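First the structure, in the form of structure tokens, and then the observations on it.
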Amino acid sequence: MDKKQKILIAITGASGAGYGIQLTSHLLAHGHDIHLIVSDAGKKVMKWETGARPEELQKKGAVLYRVDDIAAPPASGSFKLDAMAICPCTMGTLAAVANSLASNLIHRTADVMLKERRRLILIVRETPIHTGHIKNLLKISEIGGIIMPASPGFYHNPGSVQDVYDFMAAKVMDNLNIKHNLIKPWAGIVK
Ligand SMILES: Cc1cc2nc3c(=O)[nH]c(=O)nc-3n(C[C@H](O)[C@H](O)[C@H](O)COP(=O)(O)O)c2cc1C
């Protein structure tokens with residue numbers, strides 16, 4: 001097995017809650033130490049799009065924090081996370097993180113990751129996007145975050161929505177150097 005990583009997943013209120021659910025579930029299944037924060041909008045979108053609740057991921061083993069619990073351990077640099085992924089990430093959370101507005105536990109933890117020079121991945125989702133969004137994406141990239149748009153490929157011929165969610169989970173796990181069998185590495189077009 002890969003080295004066990006301590007990873008925080010934040011699920012915000014962008015469309016695509018299933019991306020965050022699948023990513024969290026796969027990381028737990030691989031034995032990683034998973035910490036979870038779901039924003040209030042994230043809970044609503046999760047319920048609407050998938051019928052699921054954050055507590056279901058808690059039952060699978062994720063440590064769940066309230067988004068307003070600004071005194072929770074992830075708010076400090078002494079809580080040594082290997083990585084944080086905001087999946088999916090709204091334009092609102094993107095703006096807060098890009099501008100260091102550490103007003104809830106998701107924003108604060110992301111700010112800590114940046115100041116400690118640790119891995120922070122934003123799986124952003126919105127379309128179309130305006131210049132303000134683009135400037136915030138640029139800021140994140142400039143201050144050390146990784147932008148991974150929720151922009152799934154279709155070259156693995158997905159047969160279900162689950163396969164589409166898994167494409168993004170696979171991309172995040174690749175970035176975290178975690179081995180998986182979610183999608184086959186591209187081997188060229190087979191005739
Ligand atoms: C069904 C639904 C889908 C949404 N999809 C998106 C989205 O894809 N991207 C986005 O930036 N905001 C989206 N929003 C709006 C955010 O949820 C809203 O701006 C919220 O205040 C963001 O808060 P958060 O970043 O703390 O989760 C959506 C809202 C709803 C109800």
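The HN-Hα couplings worked out from phi for the stretch 41-47 by the Karplus form 6.51 cos²θ - 1.76 cosθ + 1.60 (θ = phi - 60°) are 5, x, 4, 5, 5, 4, 5 Hz, whole numbers, x standing for Gly and Pro.
Restricting the stretch 34-98 to trypsin sites (Lys or Arg not before Pro) that sit in a DSSP loop and have at most 15 other Cβ atoms within 10 Å of their own Cβ leaves 60, 66, 80. Measure up 3/80; 4/60; 59/171 against 19 Å on the Cα-Cα distance and list the ones that go over. In this structure, 59/171 lie more than 19 Å apart at Cα. For residue 69, nonlocal amide neighbours, meaning residues 5 or more places apart or on other chains whose placed amide H falls under 5 Å from its own, are 105. Working from label points 7 Å from Cα in the Cα-to-Cβ sense, the residue 155 to residue 141 distance is 2.0 nm. In this structure, the amide hydrogen of residue 11, modeled 1.01 Å from its nitrogen in the peptide plane, lies closer than 5 angstrom to those of 37, 38, 39, 87, counting only residues at least 5 positions away or on a different chain. A cut-off of 5 Å between modelled amide H atoms, ignoring neighbours fewer than 5 places along the same chain, links residue 121 with 84, 85, 86, 146. Look at the dipole of the chain built from charges on Cβ: of 46, 145, 133, the Cα furthest out on the positive end belongs to 145.
Remark: the chain carries a charge dipole of roughly 280 debye about the Cα centre, counting +1 on each Lys and Arg Cβ and -1 on each Asp and Glu Cβ.
All of the numbers you see were taken from the coordinates with simple rules; none came from a lab. Here the structure is a predicted model, which means the values were calculated and not measured. Positions of Cβ are backbone-derived with ideal geometry, glycine not excepted, and every protein chain shown enters the neighbour counts.
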